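Engineer: If you scroll down you'll find the structure; I have some questions about it.
The values are calculated or read from the model by the stated rules, or taken from the named source; none is laboratory data. Small disclaimer: the values here were computed from a predicted structure and weren't measured. With ideal geometry, Cβ positions are generated from the backbone for all residues, glycine too; neighbour counts draw on all protein chains shown.
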């Protein structure tokens, strides 16, 4: 069980993908349907840290996130490593990083950059996830926009060439359907963002969330990346229509057999999975492990 502030956050990193050579320690690449770290197949084990999900001024009345911000530092990163993590995922605010937004905060921009640097110096890989939902300080459009690229450009310079940092380019796209027209909207939103990040100099692995708030890749069209370093993010939260092996296979398992997919958020709690909550995540792990990868559960509210 994770203690303290880590227990407030969930992250499951299920790597159904992990290949390429690496230049620096912790360098992450993709090839086929796999992720590699320093040239070796990689099964990430990580935690999400939400202390920087919004600028301090916009989070003042949210006690949990304010406490998380206060707790962040070398000690927290050390705690994550002792727990077994080799990666931390930072949720960051689009409105706080977009220079054209009323919520833009230059100090916050520097805080994010410093946090990524600190985590990398601590020997951890990093996912930076661009958050648009209300917890970020302002609920914005549920699909990428010009504001998303501006927000990325505000912080990208510090780690654009550090392949130990992965970019989850837009957290949980608010695409509720999986019909062809829905996927066309997804493609039309994600491809320009990918292109813009590459044009800005990013050499990082880019993670793209699926439809239905990153729950599904059923029918997902192709995206292109000139560097060939494109992965996908799934958030298989337990629920009525997302709790069995068959449902996971349909929603993202088949897609993951041909594409590098990482579950960057997950849950296992008594309220969503019943009294024996570890029993349902286990079938998900079979989807991950069938291709030689694996998974880790970053948090469970079960008491064992």
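Engineer: Going by the conditions given, is residue 148 within 18 Å of the chain's Cα centre (by Cα), surrounded by fewer than 21 Cβ atoms within 10 Å (Cβ to Cβ), on the phi < 0 side of the Ramachandran plot and modelled with pLDDT of 95 or more? Spell out how you get there, then give the answer.
Structural biologist: Values: within 18 Å of the chain's Cα centre (by Cα): yes; surrounded by fewer than 21 Cβ atoms within 10 Å (Cβ to Cβ): no; on the phi < 0 side of the Ramachandran plot: yes; modelled with pLDDT of 95 or more: yes.
No: the conditions fail for residue 148.
Engineer: Return the total of residues in region 142-195 being part of a helix (DSSP H, G or I) and either out of contact with any strand residue (DSSP E or B) (no Cβ under 8 Å at 6 or more places or on another chain) or under 17 Å from residue 113 (Cβ atoms) (or both).
Structural biologist: Going through region 142-195, the residues part of a helix (DSSP H, G or I) turn out to be 146-156, 180-195.
Pick out the ones that are also either out of contact with any strand residue (DSSP E or B) (no Cβ under 8 Å at 6 or more places or on another chain) or under 17 Å from residue 113 (Cβ atoms) (or both) and you get 146-147, 149-156, 180-189, 191-193, 195.
Residues meeting the conditions: 24.
Engineer: Sticking with this one: Restricting to region 47-73, give me the number of residues that are closer than 18 Å to residue 151 by Cβ and out of contact with any helix residue (DSSP H, G or I) (no Cβ under 6 Å at 6 or more places or on another chain).
Structural biologist: 3
Engineer: Ok, one more. Would you check which residues across region 90-129 are at pLDDT below 95, out of contact with any helix residue (DSSP H, G or I) (no Cβ under 7 Å at 6 or more places or on another chain) and either crowded, with 24+ Cβ neighbours inside 10 Å or assigned to a strand (DSSP E or B) (or both) and list them?
Structural biologist: Within region 90-129, just 91 meets the criteria.
Engineer: Further question on the same structure: Does region 151-161 hold any residues that are over 17 Å from residue 107 (Cβ atoms) and surrounded by fewer than 20 Cβ atoms within 10 Å (Cβ to Cβ), and which are they?
Structural biologist: 153, 160, 161, listed by residue number.
Engineer: Considering each residue of region 254-284, count those that are modelled with pLDDT of 70 or more and surrounded by 23 or more Cβ atoms within 10 Å (Cβ to Cβ), and give that number.
Structural biologist: Matching residues across region 254-284 total 8.
Engineer: Which residues, taken from region 74-89, are touching a helix residue (DSSP H, G or I) at 6+ places or on another chain (Cβ under 8 Å) and loosely packed, with under 15 Cβ neighbours inside 10 Å?
Structural biologist: Residue satisfying the conditions is 74 alone.
Engineer: Cβ-Cβ distance below 6 Å, separation of 6 or more or different chains: which pairs start in region 197-223 with a residue that is more than 16 Å from residue 235 (Cα to Cα) and end on one that is surrounded by fewer than 17 Cβ atoms within 10 Å (Cβ to Cβ)?
Structural biologist: 198/226; 203/161; 221/187
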